[in-house]
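The values are calculated or read from the model by the stated rules, or taken from the named source; none is laboratory data. This structure is a prediction, so every number in the text was calculated from the model and none was measured. FYI the Cβ positions are ideal-geometry reconstructions off the backbone, even for glycines, and counts take in every protein chain you see. Just so you know, the surface numbers come from the protein's heavy atoms only, side chains and all, with ligands and any DNA or RNA stripped out. Shrake-Rupley method; radii C 1.70, N 1.55, O 1.52, S 1.80 Å.
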Amino acid sequence: MPAQPLVVVLDHGADDHAPLAEALTHAGARVVVTADKRSALAADGLVIASRATAAGLMPALRALGADQVVDRRLAGGRPVLAVGVGMHVMFAETVQDGTATEGLGEWAGVVDAVAAPQAPATVEVPAGSALFAGLDDARFDVSHPRAARTFPLLDDWPADTRLVVPLVTWSTEGERFVVAVENGPLVALHLDPVSSGAAGAEVLARWVSSLPTVPDLAE
């Protein structure tokens, strides 16, 4: 049998990660919720998730050295999944109540207030998406009041490159904003996979199944 991937959900102290950890376990992962930097570096997959504010999350991430962990993992092509406000802080900044919070800067762009649908909504799936293929008619919880309206990296993407173009999933109801990004080892979900029912569970299962694992030789 293939080895179960080890997924670390980073415990930054701002959220209850139990529901997401349970969902990832159902998706086929061995899940550890921890603030330990070494564990976060060594895991097959790292998850940074939050429903808190970016202003509250960023100091906690920097105190844990999570900014360094993310940089090192991505430089080595090792998977990182950012969920909710965890996705927001991957952008350059998040604006709330007129105050900007500097993010991790993995992507250019600003997260700001949006008119998000309050009921589960369909999404615009890009061609080639591994996470959302066949889910064009599925509905997801995308009700967070802040999101990125643009993804500037696509605007500046050179035509003559061998790099894989990031795949961006967009909202289709109400204001247009970024719902998910598949950018090599960095995958981000604005949507809430836990409250998105079977569709959210399927997205998590696809991410978990994509994780490279090292077989346990003791088995």
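Side notes on the structure shown:
- Within the stretch 192-219, the set of residues being open to solvent by 20 Å² or more (accessible area, probe 1.4 Å) and either at pLDDT 95 or above or within 15 Å of the chain's Cα centre (by Cα) (or both) comprises D192, V194, S195, G197, A198, A201, E202, A205, R206, S209, S210.
- Residues in the stretch 35-55 that are at pLDDT 95 or above, of a type outside the set (S, T, Y) and surrounded by fewer than 22 Cβ atoms within 10 Å (Cβ to Cβ): A35, D36, K37, R38, L41, A42, D44, A55.
- Any hit, the stretch 127-143, residues being touching a strand residue (DSSP E or B) at 6+ places or on another chain (Cβ under 7 Å), modelled with pLDDT of 95 or more, farther than 23 Å from A27 by Cα and outside any helix (DSSP H, G or I): no
- L189 over 15 Å from P120 (Cα atoms), in contact with a strand residue (DSSP E or B) (Cβ under 9 Å, 6 or more places away or on another chain) and open to solvent by less than 70 Å² (accessible area, probe 1.4 Å): no
- Filter result (more than 13 Å from G84 (Cα to Cα) and not hydroxyl-bearing (S, T, Y)) within the stretch 167-181: L167, V168, W170, E173, G174, E175, R176, F177
- Among the residues making up the stretch 12-64, those that are within 28 Å of V95 (Cα to Cα) and part of a loop (DSSP other than H, G, I, E, B) are H12, G13, A14, D15, D16, H17, A35, R51, A52, T53.
- Among the residues examined, V123 qualifies as in contact with a Phe, Trp or Tyr (Cβ under 8 Å, 6 or more places away or on another chain) and surrounded by 20 or more Cβ atoms within 10 Å (Cβ to Cβ).
- Matching residues, the stretch 136-150, being surrounded by fewer than 19 Cβ atoms within 10 Å (Cβ to Cβ) and farther than 16 Å from S195 by Cα: D136, D137, R149, T150
- Residue that is nearest to P120 (Cα to Cα), among those in the stretch 155-171 that are of a type in the set (V, I, T) and either buried (at least 20 other Cβ atoms within 10 Å of the Cβ) or modelled with pLDDT of 95 or more (or both): T169
- Failed item in (1) open to solvent by less than 50 Å² (accessible area, probe 1.4 Å); (2) touching a residue at least 60 places away in the same chain (Cβ under 8 Å); (3) under 18 Å from L211 (Cα atoms), with H88 passing the rest: (3)
- Leading residue by the ranking (farthest from N183 (Cα to Cα)) among those in the stretch 49-68 that are aliphatic (A, V, I, L, M) and free of Cβ contacts under 8 Å to residues at least 40 places away in the same chain: A63
For every residue, the table says whether it meets (1) aromatic (F, W, Y); (2) closer than 26 Å to D44 by Cα; (3) in contact (Cβ under 8 Å) with a residue 12 or more places away in the chain.
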position: P79; (1), (2), (3): no, yes, yes
position: W107; (1), (2), (3): yes, yes, yes
position: V111; (1), (2), (3): no, no, yes
position: A115; (1), (2), (3): no, no, yes
position: V123; (1), (2), (3): no, no, yes
position: G128; (1), (2), (3): no, yes, yes
position: A133; (1), (2), (3): no, yes, no
